[in-house]
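Shown next, in structure tokens, is the structure this report addresses.
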Amino acid sequence: MAAKKAKGTSRKIKDKWKAKEWYKVHASRMFNEAEIGESPAADPATLIGRTAEVTVQELTGDFSKMHIKVKFKINSVDGYNAKSVFVGHSLTSEYVRRLTRRKKTKTDHVVDVKTKDGFTIRIKPMSIAEKRIQASQEDAMRRIMHDVLMQMGVESNLSDIIKAIISGDMARDLAKACRTIMPMKRIEIRKSEVLEFAEENDSAIEVPKEEPEEDRSEEESAEETSEEEESEEESKE
């Protein structure tokens, strides 16, 4: 007896990509809402919460800032434009390795700062010394960094804090303040993360108001990325 034809073999497979549209992802206002990539979605609501990461060099064209990565999270969609907010930054692992590879001592610090405009940002400076730092000196440096950063938060908005991080002004101010305890070879702001947003920055999604363009690029340059934890090992002599 002839075998029966399997059911569903002639059923067409639905191409999910054809149902998706491409949305341009823009950086936050403090970065002039520069376009940082594109992301596909069948429903614009699914874009909310996606993250995109670019270097400061890609945003500003400044080659000296290629080691600084800036992270954004999409919080609203207007037409085919996905708008985002700044959620943090980090230094590339290669840059950190170059700073600490020659028998230098790296000490990590963590300070949660409340800004003048109602944000809470976690700032993680790292101090690099030519010789081993004593425990008492390390404690004194932590107190100084904490006091300097907390005062900076009282006087500054989030945009001012981010500008100070990227320009290097914050690291220079910390190095100057810590000089009374021990001259540092280098202080860098290794990482930052926005923990709490000001209430006025909560945005509702808006559905597209225009027809999609017929010819859209199929290359995805801004995808949802998973946040990864960087190791915080101290370099030993």
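Just a few scattered comments:
- Hey, Lys104 within 28 Å of Lys185 (Cα to Cα), in contact (Cβ under 8 Å) with a residue 24 or more places away in the chain, touching a His at 6+ places or on another chain (Cβ under 9 Å) and not polar (S, T, N, Q) or not: no
- Output for segment 18-58, where each listed residue is in contact (Cβ under 8 Å) with a residue 60 or more places away in the chain and more than 20 Å from the chain's Cα centre (by Cα): Glu21, Trp22, Pro40, Pro44, Ala45
- Within segment 33-43, not a single residue is closer than 16 Å to Ser159 by Cα and either touching an Asp or Glu at 6+ places or on another chain (Cβ under 7 Å) or surrounded by 16 or more Cβ atoms within 10 Å (Cβ to Cβ) (or both).
- Once segment 122-166 is narrowed to residues that are acidic (Asp, Glu) and assigned to a helix (DSSP H, G or I), the residue that is nearest to Val56 (Cα to Cα) is Asp160.
- Search result, residues across segment 145-168 that are out of contact with any strand residue (DSSP E or B) (no Cβ under 8 Å at 6 or more places or on another chain), surrounded by fewer than 17 Cβ atoms within 10 Å (Cβ to Cβ) and under 21 Å from Lys106 (Cβ atoms): Gly168
So that you can scan it fast, the table gives a plain yes or no per residue for (1) assigned to a strand (DSSP E or B); (2) within 20 Å of Arg122 (Cα to Cα):
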position	(1), (2)
Tyr23	yes, no
Glu53	yes, yes
Gln57	no, no
Phe72	yes, yes
Val77	yes, no
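- On the stretch given as segment 55-101, residues that are crowded, with 19+ Cβ neighbours inside 10 Å, in contact with a His (Cβ under 8 Å, 6 or more places away or on another chain) and over 15 Å from Ile162 (Cβ atoms) total 2.
All of the numbers you see were taken from the coordinates with simple rules; none came from a lab. All of these numbers come straight from a predicted model, not from anything done at the bench. Using ideal geometry, Cβ is built from the backbone for each residue, glycine included, and neighbour counts are taken over all protein chains shown.
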